[in-house]
1. Can you list residues whose amide H is under 5 Å from Ser309's amide H, if they're 5+ apart or on another chain and H is modeled 1.01 Å from N?
2. Can you list residues from other chains, or at least 5 along the same chain, whose modelled amide H is less than 5 Å from the amide H of Ala172?
3. With each label point set 7 Å from Cα along the Cα-Cβ vector, what nm distance links Gln196 and Glu368?
4. Provide the per-residue ³J(HN,Hα) series for the stretch 92-107, in order, calculated from phi with Karplus coefficients 6.51, -1.76, 1.60 and θ = phi - 60°, each as a whole number of Hz, with x at glycine and proline positions.
5. Which shape class, rounded, prolate or oblate, goes with the stretch 63-109 when its Cα gyration tensor gives a ≥ b ≥ c as root eigenvalues, a/c under 1.5 marks rounded, and past that a/b bigger than b/c marks prolate?
6. For the stretch 107-208, compute the orientation-averaged projected area of the C-alpha convex hull (one quarter of its surface), in nm².
7. With every protein chain kept in the model, how would you rank His263, His180 by accessible area, 1.4 Å probe, largest at the top?
8. Can you sort Lys214, Lys329, Lys156 by 1.4 Å-probe accessible area, starting with the largest?
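The values are calculated or read from the model by the stated rules, or taken from the named source; none is laboratory data. As the structure is a prediction and not an experimental result, all values here were calculated from the model. All Cβ positions, glycine included, derive from the backbone under ideal geometry; neighbour counts span all protein chains shown. Heads up: the accessible areas ignore ligands, DNA and RNA and are worked out on the full protein's heavy atoms, side chains in. Shrake-Rupley method; radii C 1.70, N 1.55, O 1.52, S 1.80 Å.
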Amino acid sequence: MRIGIEGQRLFREKKHGMDMVALELILNLQKIDKENEYFIYVKPDVDECLHDTDNFTIRQVEGGAYPIWEQKALPKAAAEDKLDVLHCTSNTAPLKTSMPLMITLHDIIYMEHSIMKILSSSGTAYQRFGNIYRRYVVPRVMKKSDIIITVSHFEKKRIDEFFGMKDNRLRAVYNGVGEHFKEVTDQAELKRVKEQYKLPDRYFFFLGNTDPKKNTPGVLKAYSDFRKQSGLDIELVMLDFDHDELVKMTKSVGDEDLINHIHLTGYVKNTDLPAIYSQCEVFLYPSLRESFGIPILEAMGCAAPVITSNTSSMPEVSGGAAILVDPYKPEEITDAIHLFMTDDEKRKKYKAMGPGQAAKFSWKSMAEHVLELYTEIYKNHRHEK
């Protein structure tokens with residue numbers, strides 16, 4: 001087979017969730033498949049994290065902004081390579097292609113809100129534009145896709161219900177978790193990461209951002225209340241977050257002083273994350289809505305106590321190895337933090353369960369499943385011919 005995989009943003013330095021999923025898929029396909037021929041389409045950037053092998057060609061394709069690259073440059077390059085299947089990995093795809101198509105539809109959150117709600121949301125202008133673009137493109141490319149994969153059974157059910165799908169083109173394929181997400185016990189490594197990112201001695205860890213679904217205001221409210229109720233001076237560590245935006249959020253939850261107890265690390269390399277998870281008192285992931293939630297498994301793999309939500313895919317992914325809360329009720333988040341900080345037996349129990357739950361998910365298994373779907377599309381089209 002001649003297989004094309006879209007990975008437009010894989011060479012950018014600061015990768016996001018969908019980028020990491022696509023990268024892990026490709027890296028694992030390079031390990032398990034030495035027979036089929038692959039063409040990986042990326043936009044030139046600073047982090048050349050993929051390299052050619054005997055059957056993998058990394059094609060750096062110029063082409064302007066994201067929608068223009070996807071709708072013009074990508075289908076042109078794919079047609080030149082005479083593909084048997086094109087896999088687009090990040091929700092959207094070219095509206096006009098001449099070859100069989102598979103898409104990874106991570107979620108349909110942008111379909112669940114009106115245009116006016118998107119425009120008035122608290123996300124960035126880039127996030128709002130992206131959601132409007134997806135609202136236009138996704139329903140159209142779904143109709144022409146041979147197979148659509150999504151990342152959890154929750155999201156599959158949600159897509160089925162929303163679009164009223166009448167066939168079996170929609171499949172659930174779980175994401176994985178990197179093998180390096182294990183508890184770090186090497187004291188030198190723990191010290192190196194702590195010093196590099198200037199981490200406090202004791203901290204809660206929260207991967208919040210400006211996306212409304214991440215529930216940053218709710219976490220800040222819960223953290224503020226915990227500080228007031230417990231009297232404990234444990235800082236909140238966050239990653240690459242705009243300081244001015246965070247100041248606004250602390251004011252909105254009625255605790256302007258909270259900003260002085262939040263430590264922003266800036267961008268953290270993926271390989272440094274295990275040491276941060278391993279040293280945190282509690283990992284907070286009470287999102288409003290997730291299609292999967294890879295950080296839940298990353299933290300569990302590192303034996304961090306995890307608090308996540310009782311909504312969407314998070315109970316499915318956490319599998320009973322985390323405390324579940326209603327993310328719309330900050331007081332439940334506060335109570336869960338209290339529980340982990342005061343009940344040693346409960347803390348030990350969840351720390352012990354985490355690695356076992358994380359071990360159920362692997363990128364190799366995901367890649368093997370996706371390869372089976374490429375083969376299914378190929379055989380179906382050969383039969384039609």
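1. Ser287, Val325
2. Close amide H contacts, sequence-distant or interchain: Thr150.
3. If labels sit at Gln196 and Glu368, their model points lie 3.2 nm apart.
4. Whole-Hz 3J(HN,Hα) from phi for the stretch 92-107: 10, 6, x, 6, 10, 9, 9, 10, x, 10, 10, 10, 9, 9, 5, 6.
5. Since a/c reaches 1.5 but b/c is at least a/b, the shape of the stretch 63-109 is classed as oblate.
6. Approximately 10.1 nm², given one-decimal rounding.
7. Largest accessible area first, the residues go His180, His263.
8. Listed by decreasing accessible area, they come as Lys329, Lys156, Lys214.
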